[in-house]
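J.: Following this message is one structure expressed as C-alpha coordinates.
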Amino acid sequence: MARSCIINANIFTPQGSSARRGEEMSVLKHFENYAILIEDGIISDLVPMADLPKLDSDVEVIDAAGNAVIPGFVDSHTHLVFGGYRPDEFEWRLKGDTYMSIMERGGGIQSTVNATRAASAYDLEHKALWFIDRMAEMGVTTVEAKSGYGLNTESEMKMLDVIDRLANRSGVPVRVVSTFLGAHAVPAEYKGRTDEYVDLMIREMIPAAKGKAKFFDIFTEKNVFEIEESRRLLAAARDAGFKLKLHADEIVQLGGAELAAEMGAVSADHLLHVSDQGVKMMAERGVVATLLPLTAFALREPFAPARKFIDAGAAVALATDLNPGSCFSGSIPLTIALACIYMKMSIEETISALTINGAAALDLADVTGSLEKGKSADIVILNFDTYKALPYYVGMNCVKTAISRGIVVKNNN
(Lines give C-alpha, C1' and ligand atoms only; values in the text may rest on other atoms or scores of the structure.)
Protein backbone atom coordinates (compact mmCIF):
# COMPACT_ATOMS: atom_id res chain seq x y z
CA MET A 1 0.00 0.00 0.00
CA ALA A 2 1.38 3.41 -1.04
CA ARG A 3 0.83 5.97 1.69
CA SER A 4 1.60 9.66 1.96
CA CYS A 5 0.55 12.65 4.03
CA ILE A 6 0.42 16.37 3.32
CA ILE A 7 1.00 18.19 6.59
CA ASN A 8 0.43 21.79 7.70
CA ALA A 9 -2.08 22.23 4.90
CA ASN A 10 -4.22 25.35 4.55
CA ILE A 11 -6.99 23.78 2.44
CA PHE A 12 -9.60 25.55 0.32
CA THR A 13 -12.03 23.31 -1.57
CA PRO A 14 -15.53 23.06 -2.96
CA GLN A 15 -17.41 20.07 -1.65
CA GLY A 16 -19.89 17.55 -2.95
CA SER A 17 -20.25 14.87 -5.61
CA SER A 18 -22.12 16.95 -8.19
CA ALA A 19 -21.69 20.30 -9.93
CA ARG A 20 -21.90 23.42 -7.81
CA ARG A 21 -24.62 25.66 -9.23
CA GLY A 22 -25.26 29.39 -8.98
CA GLU A 23 -24.33 30.81 -5.58
CA GLU A 24 -22.88 27.44 -4.49
CA MET A 25 -19.92 28.15 -6.79
CA SER A 26 -18.74 30.87 -4.39
CA VAL A 27 -18.42 28.50 -1.43
CA LEU A 28 -15.00 27.04 -0.62
CA LYS A 29 -14.62 25.06 2.59
CA HIS A 30 -11.57 26.15 4.59
CA PHE A 31 -9.56 23.65 6.65
CA GLU A 32 -6.78 25.50 8.45
CA ASN A 33 -3.65 23.63 9.55
CA TYR A 34 -4.85 20.18 8.50
CA ALA A 35 -3.24 16.99 7.30
CA ILE A 36 -4.38 15.10 4.19
CA LEU A 37 -3.85 11.35 4.55
CA ILE A 38 -3.53 9.44 1.28
CA GLU A 39 -3.63 5.69 0.68
CA ASP A 40 -3.23 4.14 -2.78
CA GLY A 41 -4.14 7.39 -4.50
CA ILE A 42 -7.28 8.06 -2.44
CA ILE A 43 -7.80 10.62 0.31
CA SER A 44 -8.32 8.45 3.37
CA ASP A 45 -8.90 11.32 5.80
CA LEU A 46 -8.49 15.01 6.53
CA VAL A 47 -7.57 15.70 10.14
CA PRO A 48 -6.42 18.73 12.16
CA MET A 49 -2.68 18.68 12.72
CA ALA A 50 -3.33 18.53 16.47
CA ASP A 51 -5.11 15.19 15.97
CA LEU A 52 -2.65 13.65 13.53
CA PRO A 53 -1.36 10.33 14.88
CA LYS A 54 2.30 9.39 14.65
CA LEU A 55 3.07 8.45 11.06
CA ASP A 56 4.77 5.19 10.15
CA SER A 57 8.23 5.43 8.65
CA ASP A 58 7.02 4.31 5.22
CA VAL A 59 4.64 7.27 4.85
CA GLU A 60 5.89 9.95 2.44
CA VAL A 61 5.48 13.36 4.08
CA ILE A 62 4.91 16.56 2.11
CA ASP A 63 5.05 19.77 4.11
CA ALA A 64 2.65 22.45 2.81
CA ALA A 65 3.39 25.01 5.53
CA GLY A 66 2.87 28.52 4.19
CA ASN A 67 1.12 27.32 1.05
CA ALA A 68 -2.55 27.24 0.07
CA VAL A 69 -3.83 23.80 -0.99
CA ILE A 70 -6.66 23.35 -3.51
CA PRO A 71 -8.00 20.51 -5.67
CA GLY A 72 -6.21 19.64 -8.89
CA PHE A 73 -7.51 21.43 -11.95
CA VAL A 74 -9.78 19.65 -14.43
CA ASP A 75 -9.36 20.76 -18.06
CA SER A 76 -12.63 19.40 -19.41
CA HIS A 77 -12.38 20.53 -23.06
CA THR A 78 -9.23 20.00 -25.15
CA HIS A 79 -8.18 18.78 -28.59
CA LEU A 80 -4.70 17.76 -27.52
CA VAL A 81 -4.23 14.96 -30.07
CA PHE A 82 -3.57 16.34 -33.56
CA GLY A 83 -1.14 16.42 -36.45
CA GLY A 84 0.63 19.51 -37.75
CA TYR A 85 0.28 23.13 -36.68
CA ARG A 86 -1.48 26.19 -38.16
CA PRO A 87 0.53 29.34 -37.29
CA ASP A 88 -0.24 30.88 -40.68
CA GLU A 89 -3.95 30.95 -39.84
CA PHE A 90 -3.23 32.85 -36.63
CA GLU A 91 -1.57 35.54 -38.73
CA TRP A 92 -4.54 35.57 -41.14
CA ARG A 93 -6.90 36.17 -38.23
CA LEU A 94 -4.73 39.03 -36.99
CA LYS A 95 -5.22 40.59 -40.43
CA GLY A 96 -8.98 40.28 -40.12
CA ASP A 97 -9.94 36.91 -41.59
CA THR A 98 -12.71 35.17 -39.66
CA TYR A 99 -12.65 31.63 -38.32
CA MET A 100 -15.41 30.54 -40.72
CA SER A 101 -13.87 32.26 -43.77
CA ILE A 102 -10.59 30.42 -43.16
CA MET A 103 -12.52 27.16 -42.83
CA GLU A 104 -14.47 27.79 -46.04
CA ARG A 105 -11.29 28.25 -48.08
CA GLY A 106 -9.85 24.90 -47.00
CA GLY A 107 -8.01 25.94 -43.87
CA GLY A 108 -9.18 25.44 -40.34
CA ILE A 109 -10.17 22.00 -39.19
CA GLN A 110 -9.64 20.40 -42.63
CA SER A 111 -5.99 21.49 -42.62
CA THR A 112 -5.43 19.63 -39.35
CA VAL A 113 -7.45 16.67 -40.64
CA ASN A 114 -5.02 16.29 -43.54
CA ALA A 115 -2.02 16.38 -41.19
CA THR A 116 -3.61 14.03 -38.66
CA ARG A 117 -4.57 11.46 -41.27
CA ALA A 118 -0.96 11.45 -42.47
CA ALA A 119 0.57 11.22 -38.98
CA SER A 120 1.49 7.95 -37.32
CA ALA A 121 -0.17 6.95 -34.07
CA TYR A 122 3.29 7.03 -32.45
CA ASP A 123 3.83 10.66 -33.48
CA LEU A 124 0.36 11.71 -32.30
CA GLU A 125 0.86 10.03 -28.93
CA HIS A 126 4.26 11.52 -28.20
CA LYS A 127 3.19 14.98 -29.27
CA ALA A 128 0.18 14.74 -26.94
CA LEU A 129 2.44 13.59 -24.09
CA TRP A 130 4.41 16.83 -24.39
CA PHE A 131 1.21 18.86 -23.97
CA ILE A 132 0.09 16.72 -21.04
CA ASP A 133 3.39 17.33 -19.30
CA ARG A 134 2.93 21.11 -19.69
CA MET A 135 -0.60 20.79 -18.30
CA ALA A 136 0.66 18.96 -15.23
CA GLU A 137 3.08 21.82 -14.56
CA MET A 138 0.05 24.12 -14.29
CA GLY A 139 -1.77 21.83 -11.86
CA VAL A 140 -4.04 19.93 -14.24
CA THR A 141 -4.70 16.46 -12.86
CA THR A 142 -7.58 15.45 -15.16
CA VAL A 143 -7.89 16.30 -18.85
CA GLU A 144 -10.42 15.53 -21.55
CA ALA A 145 -9.09 14.67 -25.03
CA LYS A 146 -11.24 14.72 -28.16
CA SER A 147 -10.86 13.02 -31.49
CA GLY A 148 -12.25 15.00 -34.43
CA TYR A 149 -9.29 15.50 -36.73
CA GLY A 150 -9.71 12.22 -38.57
CA LEU A 151 -13.24 12.57 -39.99
CA ASN A 152 -13.21 9.07 -41.40
CA THR A 153 -13.56 5.81 -39.57
CA GLU A 154 -9.92 4.73 -39.81
CA SER A 155 -8.40 8.02 -38.66
CA GLU A 156 -10.97 8.70 -35.93
CA MET A 157 -10.33 5.25 -34.47
CA LYS A 158 -6.58 5.90 -34.70
CA MET A 159 -7.08 9.03 -32.61
CA LEU A 160 -9.30 7.25 -30.07
CA ASP A 161 -6.73 4.46 -29.75
CA VAL A 162 -4.04 7.06 -29.07
CA ILE A 163 -6.22 8.66 -26.38
CA ASP A 164 -6.83 5.22 -24.86
CA ARG A 165 -3.09 4.58 -24.68
CA LEU A 166 -2.58 7.97 -23.03
CA ALA A 167 -5.27 7.10 -20.48
CA ASN A 168 -3.70 3.76 -19.62
CA ARG A 169 0.01 4.35 -20.18
CA SER A 170 2.19 4.03 -17.11
CA GLY A 171 3.75 7.32 -16.09
CA VAL A 172 1.23 9.65 -17.74
CA PRO A 173 0.87 12.32 -15.05
CA VAL A 174 -2.85 13.06 -15.40
CA ARG A 175 -6.16 11.26 -15.74
CA VAL A 176 -7.28 11.28 -19.42
CA VAL A 177 -10.95 11.11 -20.48
CA SER A 178 -11.87 10.30 -24.09
CA THR A 179 -14.47 12.05 -26.27
CA PHE A 180 -15.46 11.02 -29.80
CA LEU A 181 -15.83 14.13 -32.00
CA GLY A 182 -16.29 12.63 -35.45
CA ALA A 183 -18.88 15.38 -35.99
CA HIS A 184 -16.27 18.13 -35.77
CA ALA A 185 -16.72 19.17 -39.40
CA VAL A 186 -17.85 17.76 -42.73
CA PRO A 187 -14.68 16.46 -44.42
CA ALA A 188 -13.65 17.78 -47.83
CA GLU A 189 -14.63 14.56 -49.59
CA TYR A 190 -18.22 15.04 -48.37
CA LYS A 191 -18.49 18.75 -49.15
CA GLY A 192 -22.08 19.51 -50.14
CA ARG A 193 -23.18 16.05 -48.94
CA THR A 194 -23.58 16.56 -45.22
CA ASP A 195 -26.48 14.09 -44.98
CA GLU A 196 -24.28 11.36 -46.44
CA TYR A 197 -21.58 12.04 -43.86
CA VAL A 198 -24.20 11.94 -41.10
CA ASP A 199 -25.35 8.59 -42.50
CA LEU A 200 -21.75 7.31 -42.46
CA MET A 201 -21.31 8.36 -38.84
CA ILE A 202 -24.50 6.63 -37.75
CA ARG A 203 -23.89 3.50 -39.79
CA GLU A 204 -20.17 3.02 -39.23
CA MET A 205 -18.32 5.52 -37.04
CA ILE A 206 -20.53 5.61 -33.94
CA PRO A 207 -20.61 1.80 -33.68
CA ALA A 208 -16.82 1.67 -34.19
CA ALA A 209 -16.25 4.28 -31.47
CA LYS A 210 -18.49 2.51 -28.95
CA GLY A 211 -16.35 1.38 -26.04
CA LYS A 212 -13.44 3.59 -27.10
CA ALA A 213 -14.84 6.89 -25.77
CA LYS A 214 -17.03 8.00 -22.89
CA PHE A 215 -18.59 11.01 -24.64
CA PHE A 216 -19.96 11.94 -28.04
CA ASP A 217 -19.46 15.57 -29.03
CA ILE A 218 -20.63 17.58 -32.04
CA PHE A 219 -19.89 20.99 -33.53
CA THR A 220 -23.43 22.33 -33.76
CA GLU A 221 -22.96 25.41 -35.91
CA LYS A 222 -24.42 27.12 -38.95
CA ASN A 223 -23.05 25.57 -42.15
CA VAL A 224 -21.44 22.75 -40.16
CA PHE A 225 -23.96 20.54 -38.34
CA GLU A 226 -27.21 22.43 -37.93
CA ILE A 227 -29.92 21.65 -35.40
CA GLU A 228 -31.73 18.79 -37.13
CA GLU A 229 -28.50 17.10 -38.22
CA SER A 230 -27.16 17.49 -34.69
CA ARG A 231 -30.33 16.12 -33.11
CA ARG A 232 -30.16 13.05 -35.34
CA LEU A 233 -26.50 12.35 -34.52
CA LEU A 234 -26.94 12.99 -30.81
CA ALA A 235 -29.90 10.62 -30.66
CA ALA A 236 -27.91 7.89 -32.42
CA ALA A 237 -24.96 8.38 -30.08
CA ARG A 238 -27.18 8.36 -27.00
CA ASP A 239 -28.82 5.14 -28.19
CA ALA A 240 -25.34 3.64 -28.58
CA GLY A 241 -24.57 4.43 -24.93
CA PHE A 242 -22.52 7.62 -25.20
CA LYS A 243 -22.92 10.53 -22.83
CA LEU A 244 -23.45 13.73 -24.79
CA LYS A 245 -21.60 17.03 -25.26
CA LEU A 246 -22.04 19.86 -27.73
CA HIS A 247 -19.95 22.68 -29.15
CA ALA A 248 -22.87 25.13 -29.03
CA ASP A 249 -23.60 28.71 -30.09
CA GLU A 250 -19.93 29.54 -30.62
CA ILE A 251 -20.07 31.52 -33.87
CA VAL A 252 -23.78 32.35 -34.17
CA GLN A 253 -26.86 31.92 -32.00
CA LEU A 254 -28.25 28.70 -33.45
CA GLY A 255 -30.06 27.09 -30.52
CA GLY A 256 -27.30 24.69 -29.52
CA ALA A 257 -27.82 25.37 -25.82
CA GLU A 258 -31.52 24.58 -26.11
CA LEU A 259 -30.68 21.38 -28.00
CA ALA A 260 -28.20 20.38 -25.29
CA ALA A 261 -30.93 20.77 -22.67
CA GLU A 262 -33.45 18.89 -24.80
CA MET A 263 -31.08 15.95 -25.38
CA GLY A 264 -29.91 15.69 -21.78
CA ALA A 265 -26.29 16.55 -22.53
CA VAL A 266 -23.75 16.53 -19.72
CA SER A 267 -22.31 19.81 -20.98
CA ALA A 268 -22.60 22.40 -23.70
CA ASP A 269 -19.38 24.25 -24.48
CA HIS A 270 -18.28 27.64 -25.88
CA LEU A 271 -21.69 29.41 -25.70
CA LEU A 272 -20.39 32.83 -26.75
CA HIS A 273 -23.69 33.67 -28.43
CA VAL A 274 -26.11 31.72 -26.24
CA SER A 275 -29.69 32.97 -25.99
CA ASP A 276 -31.39 33.87 -22.73
CA GLN A 277 -33.72 30.92 -23.31
CA GLY A 278 -30.71 28.64 -23.75
CA VAL A 279 -29.26 29.83 -20.45
CA LYS A 280 -32.59 29.21 -18.72
CA MET A 281 -33.03 25.72 -20.18
CA MET A 282 -29.48 24.64 -19.37
CA ALA A 283 -29.90 25.84 -15.78
CA GLU A 284 -33.22 24.01 -15.43
CA ARG A 285 -31.92 20.74 -16.92
CA GLY A 286 -28.58 20.75 -15.09
CA VAL A 287 -26.41 20.97 -18.22
CA VAL A 288 -22.92 22.20 -17.32
CA ALA A 289 -21.93 25.37 -19.21
CA THR A 290 -18.28 24.85 -20.12
CA LEU A 291 -16.87 28.25 -21.02
CA LEU A 292 -13.60 28.67 -22.93
CA PRO A 293 -12.26 32.19 -22.48
CA LEU A 294 -8.92 31.52 -24.17
CA THR A 295 -10.72 30.82 -27.46
CA ALA A 296 -12.78 34.01 -27.27
CA PHE A 297 -9.58 35.90 -26.47
CA ALA A 298 -7.65 34.36 -29.38
CA LEU A 299 -10.53 34.95 -31.83
CA ARG A 300 -11.18 38.48 -30.52
CA GLU A 301 -14.79 37.51 -29.83
CA PRO A 302 -17.03 38.53 -26.91
CA PHE A 303 -16.58 36.34 -23.84
CA ALA A 304 -19.34 33.90 -22.92
CA PRO A 305 -21.85 35.33 -20.40
CA ALA A 306 -20.63 33.59 -17.25
CA ARG A 307 -22.63 35.87 -14.95
CA LYS A 308 -25.88 35.10 -16.76
CA PHE A 309 -25.34 31.39 -16.23
CA ILE A 310 -24.32 31.73 -12.58
CA ASP A 311 -27.11 34.17 -11.76
CA ALA A 312 -29.59 31.78 -13.40
CA GLY A 313 -28.46 29.00 -11.06
CA ALA A 314 -26.48 27.06 -13.66
CA ALA A 315 -23.18 25.24 -13.19
CA VAL A 316 -20.25 26.87 -15.01
CA ALA A 317 -17.04 25.02 -15.81
CA LEU A 318 -13.93 26.53 -17.36
CA ALA A 319 -11.53 24.80 -19.75
CA THR A 320 -8.73 25.79 -22.11
CA ASP A 321 -9.85 24.38 -25.50
CA LEU A 322 -6.24 23.65 -26.42
CA ASN A 323 -6.24 23.04 -30.19
CA PRO A 324 -3.97 23.82 -33.17
CA GLY A 325 -6.28 26.41 -34.73
CA SER A 326 -8.62 28.71 -32.85
CA CYS A 327 -6.83 28.41 -29.49
CA PHE A 328 -3.26 27.15 -29.44
CA SER A 329 -2.97 27.46 -25.67
CA GLY A 330 -3.49 25.25 -22.66
CA SER A 331 -2.78 28.01 -20.17
CA ILE A 332 -4.63 27.56 -16.90
CA PRO A 333 -3.14 30.80 -15.48
CA LEU A 334 -4.44 32.86 -18.41
CA THR A 335 -7.81 31.10 -18.24
CA ILE A 336 -8.10 32.14 -14.59
CA ALA A 337 -7.10 35.73 -15.34
CA LEU A 338 -9.59 36.10 -18.19
CA ALA A 339 -12.41 34.56 -16.13
CA CYS A 340 -11.84 36.91 -13.22
CA ILE A 341 -10.97 40.11 -15.10
CA TYR A 342 -13.19 39.95 -18.18
CA MET A 343 -15.94 37.43 -17.36
CA LYS A 344 -16.53 38.95 -13.91
CA MET A 345 -16.25 35.67 -12.07
CA SER A 346 -14.96 35.71 -8.52
CA ILE A 347 -11.84 33.68 -7.81
CA GLU A 348 -13.95 31.30 -5.67
CA GLU A 349 -16.33 30.73 -8.60
CA THR A 350 -13.35 30.28 -10.90
CA ILE A 351 -11.79 27.63 -8.66
CA SER A 352 -15.11 25.77 -8.49
CA ALA A 353 -15.39 26.01 -12.29
CA LEU A 354 -11.91 24.54 -12.81
CA THR A 355 -12.28 21.77 -10.22
CA ILE A 356 -15.62 20.28 -9.15
CA ASN A 357 -17.59 21.64 -12.13
CA GLY A 358 -14.94 20.60 -14.61
CA ALA A 359 -15.16 17.14 -13.05
CA ALA A 360 -18.96 17.24 -13.36
CA ALA A 361 -18.60 18.12 -17.06
CA LEU A 362 -16.73 14.80 -17.37
CA ASP A 363 -19.20 12.93 -15.15
CA LEU A 364 -16.44 12.53 -12.54
CA ALA A 365 -17.60 14.80 -9.70
CA ASP A 366 -17.91 11.79 -7.41
CA VAL A 367 -14.27 10.91 -8.14
CA THR A 368 -12.33 14.18 -8.27
CA GLY A 369 -12.72 17.95 -8.18
CA SER A 370 -12.72 18.44 -4.40
CA LEU A 371 -10.57 17.46 -1.42
CA GLU A 372 -12.76 15.08 0.57
CA LYS A 373 -12.43 11.66 2.17
CA GLY A 374 -12.87 8.92 -0.41
CA LYS A 375 -12.00 11.04 -3.43
CA SER A 376 -8.96 10.79 -5.67
CA ALA A 377 -5.92 12.54 -4.21
CA ASP A 378 -5.71 15.14 -6.98
CA ILE A 379 -4.13 18.10 -5.23
CA VAL A 380 -2.39 21.38 -6.01
CA ILE A 381 -0.08 23.13 -3.56
CA LEU A 382 0.37 26.79 -4.48
CA ASN A 383 3.49 28.90 -4.14
CA PHE A 384 1.46 31.40 -2.14
CA ASP A 385 -0.38 31.28 1.17
CA THR A 386 -3.65 32.31 -0.48
CA TYR A 387 -5.59 31.08 -3.51
CA LYS A 388 -6.32 34.73 -4.28
CA ALA A 389 -2.86 34.92 -5.84
CA LEU A 390 -4.16 32.90 -8.81
CA PRO A 391 -5.67 35.87 -10.69
CA TYR A 392 -3.49 38.47 -8.96
CA TYR A 393 -0.24 37.00 -10.37
CA VAL A 394 -1.67 37.65 -13.81
CA GLY A 395 -1.13 34.88 -16.34
CA MET A 396 1.68 33.33 -14.29
CA ASN A 397 1.92 29.83 -12.89
CA CYS A 398 1.29 29.77 -9.12
CA VAL A 399 1.60 25.98 -8.77
CA LYS A 400 4.38 24.68 -6.55
CA THR A 401 3.43 20.98 -6.45
CA ALA A 402 0.88 18.97 -8.42
CA ILE A 403 -0.28 15.60 -7.10
CA SER A 404 -2.34 13.28 -9.28
CA ARG A 405 -3.93 10.17 -7.81
CA GLY A 406 -1.59 10.45 -4.84
CA ILE A 407 1.60 10.74 -6.88
CA VAL A 408 3.67 13.91 -7.08
CA VAL A 409 3.77 14.61 -10.82
CA LYS A 410 5.28 18.12 -10.78
CA ASN A 411 7.46 20.10 -8.40
CA ASN A 412 7.96 23.63 -9.70
CA ASN A 413 10.48 24.70 -7.08
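J.: Could you tell me which numbered condition Glu221 fails, if it satisfies all but one of (1) over 30 Å from Asp97 (Cα atoms); (2) without any contact (Cβ under 8 Å) to a residue 40 or more places away in the chain?
T.: Here Glu221 meets the rest and fails (1).
J.: What pairs can you find where one residue is in the stretch 145-157 and aliphatic (A, V, I, L, M), the other is not in a loop (DSSP other than H, G, I, E, B), and their Cβ atoms are less than 6 Å apart, with a gap of 6+ or different chains?
T.: Cβ pairs passing all conditions: Ala145/Ile163; Ala145/Val176; Leu151/Val113; Met157/Ala208.
J.: Just checking: which of the helices (runs of 4 or more DSSP H) contained wholly in the stretch 220-297 hold 1 or more residues that are closer than 26 Å to Asp199 by Cβ and open to solvent by less than 50 Å² (accessible area, probe 1.4 Å)? Spell out how you get there, then give the answer.
T.: Numbers: elements: 227-239, 256-263, 276-285.
Fully inside the stretch 220-297 and qualifying: 227-239, 256-263.
J.: For the stretch 2-30, what are the residues that are part of a loop (DSSP other than H, G, I, E, B) and open to solvent by 10 Å² or more (accessible area, probe 1.4 Å)?
T.: To start, the set of residues in the stretch 2-30 that are part of a loop (DSSP other than H, G, I, E, B) comprises 2, 14-21, 27-28.
Ala2, Gln15, Gly16, Ser17, Ser18, Ala19, Arg20, Arg21, Val27, Leu28, listed by residue number.
J.: Restricting attention to the stretch 182-199, which residues are free of Cβ contacts under 8 Å to residues at least 40 places away in the same chain and either closer than 15 Å to Val81 by Cα or open to solvent by 20 Å² or more (accessible area, probe 1.4 Å) (or both)?
T.: Gly182, Val186, Glu189, Tyr190, Lys191, Gly192, Arg193, Thr194, Asp195, Glu196, Asp199
J.: Please go through the stretch 371-413 and pick out each residue that is of a type in the set (D, E, K, R) and open to solvent by less than 70 Å² (accessible area, probe 1.4 Å). Break it down stepwise before answering.
T.: To start, the set of residues in the stretch 371-413 that are of a type in the set (D, E, K, R) comprises 372-373, 375, 378, 385, 388, 400, 405, 410.
Glu372, Lys375, Asp378, Lys400, Lys410 - these are the residues of the stretch 371-413 that are of a type in the set (D, E, K, R) and open to solvent by less than 70 Å² (accessible area, probe 1.4 Å).
J.: Got a number for residues in the stretch 114-141 being touching a helix residue (DSSP H, G or I) at 6+ places or on another chain (Cβ under 6 Å) and farther than 30 Å from Asn357 by Cβ?
T.: 2
J.: Moving to a separate point now. Where in the stretch 62-146 are the helices (runs of 4 or more DSSP H), entirely inside, with at least 2 residues that are of a type outside the set (A, V, I, L, M) and touching a strand residue (DSSP E or B) at 6+ places or on another chain (Cβ under 6 Å)?
T.: Fully inside the stretch 62-146 and qualifying: nothing.
J.: So which of Asp366, Asp321 is assigned to a loop (DSSP other than H, G, I, E, B), open to solvent by 40 Å² or more (accessible area, probe 1.4 Å) and out of contact with any strand residue (DSSP E or B) (no Cβ under 6 Å at 6 or more places or on another chain)? Reasoning before the result, please.
T.: Working: Asp321 fails: open to solvent by 40 Å² or more (accessible area, probe 1.4 Å).
Only one candidate passes the filter, namely Asp366.
J.: Mind telling me which of the residues Phe82, Phe90 ends up being surrounded by 12 or more Cβ atoms within 10 Å (Cβ to Cβ) and either of a type in the set (Lys, Arg) or at pLDDT 90 or above (or both)? Show your work before the answer.
T.: Numbers: Phe90 fails: either of a type in the set (Lys, Arg) or at pLDDT 90 or above (or both).
When all the criteria are applied, what remains is Phe82.
J.: Which members of the stretch 43-60 meet the condition of being assigned to a strand (DSSP E or B), open to solvent by less than 80 Å² (accessible area, probe 1.4 Å) and over 14 Å from Glu372 (Cβ atoms)? Step through it out loud before you land on a result.
T.: Here is the first cut: in the stretch 43-60, the ones assigned to a strand (DSSP E or B) are 43-48, 60.
Next cut, open to solvent by less than 80 Å² (accessible area, probe 1.4 Å) only: 43-48.
Once the filter is applied, which keeps residues that are assigned to a strand (DSSP E or B), open to solvent by less than 80 Å² (accessible area, probe 1.4 Å) and over 14 Å from Glu372 (Cβ atoms), the stretch 43-60 yields only Pro48.
J.: Let me ask something additional. Confirm whether Ile109 is within 23 Å of the chain's Cα centre (by Cα) and under 22 Å from Arg300 (Cβ atoms). Working first, answer last.
T.: Details: within 23 Å of the chain's Cα centre (by Cα): yes; under 22 Å from Arg300 (Cβ atoms): yes.
When the stated conditions are applied, Ile109 passes them.
J.: In this structure, is Val186 touching a helix residue (DSSP H, G or I) at 6+ places or on another chain (Cβ under 6 Å), farther than 17 Å from Lys158 by Cα and in a helix (DSSP H, G or I)? Before you say what the answer is, go through the steps one by one.
T.: Working: touching a helix residue (DSSP H, G or I) at 6+ places or on another chain (Cβ under 6 Å): yes; farther than 17 Å from Lys158 by Cα: yes; in a helix (DSSP H, G or I): no.
In short, no.
J.: Continuing with this model, one more query. Counting only residues that are of a type in the set (A, V, I, L, M, F, W, C) and more than 16 Å from Met25 (Cα to Cα), which one in the stretch 298-318 is least open to solvent (accessible area, probe 1.4 Å)? So that I can check it myself, show each step before the final result.
T.: Taking the stretch 298-318 first, the residues of a type in the set (A, V, I, L, M, F, W, C) are 298-299, 303-304, 306, 309-310, 312, 314-318.
From what's left, more than 16 Å from Met25 (Cα to Cα): 298-299, 303-304.
On the way: Ala298: 30, Leu299: 29, Phe303: 57, Ala304: 9 Å².
Here the residue is Ala304.
J.: A follow-up question, please. Take Ala359 and tell me if it is modelled with pLDDT of 95 or more and within 20 Å of Glu23 (Cα to Cα). Steps first, answer last, please.
T.: Details: modelled with pLDDT of 95 or more: yes; within 20 Å of Glu23 (Cα to Cα): yes.
Criteria met by Ala359.
J.: Give the residues of the stretch 144-181 that are open to solvent by 40 Å² or more (accessible area, probe 1.4 Å) and on the phi > 0 side of the Ramachandran plot, sorted by residue number.
T.: Gly171 - this is the single residue of the stretch 144-181 that is open to solvent by 40 Å² or more (accessible area, probe 1.4 Å) and on the phi > 0 side of the Ramachandran plot.
J.: Can you tell me which of Asp63, Asp40 is within 17 Å of Ala2 (Cα to Cα) and open to solvent by 80 Å² or more (accessible area, probe 1.4 Å)?
T.: On the way: Asp63 fails: within 17 Å of Ala2 (Cα to Cα).
Only one candidate qualifies: Asp40.
The values are calculated or read from the model by the stated rules, or taken from the named source; none is laboratory data. Every value quoted in this text rests on a predicted model; they were computed, and no experiment measured them. Ideal geometry is used to build each Cβ from the backbone, glycine not excepted, and the neighbour counts take in all protein chains shown. SASA here: full protein model, heavy atoms, side chains in, ligands and nucleic acids out. Shrake-Rupley method; radii C 1.70, N 1.55, O 1.52, S 1.80 Å.
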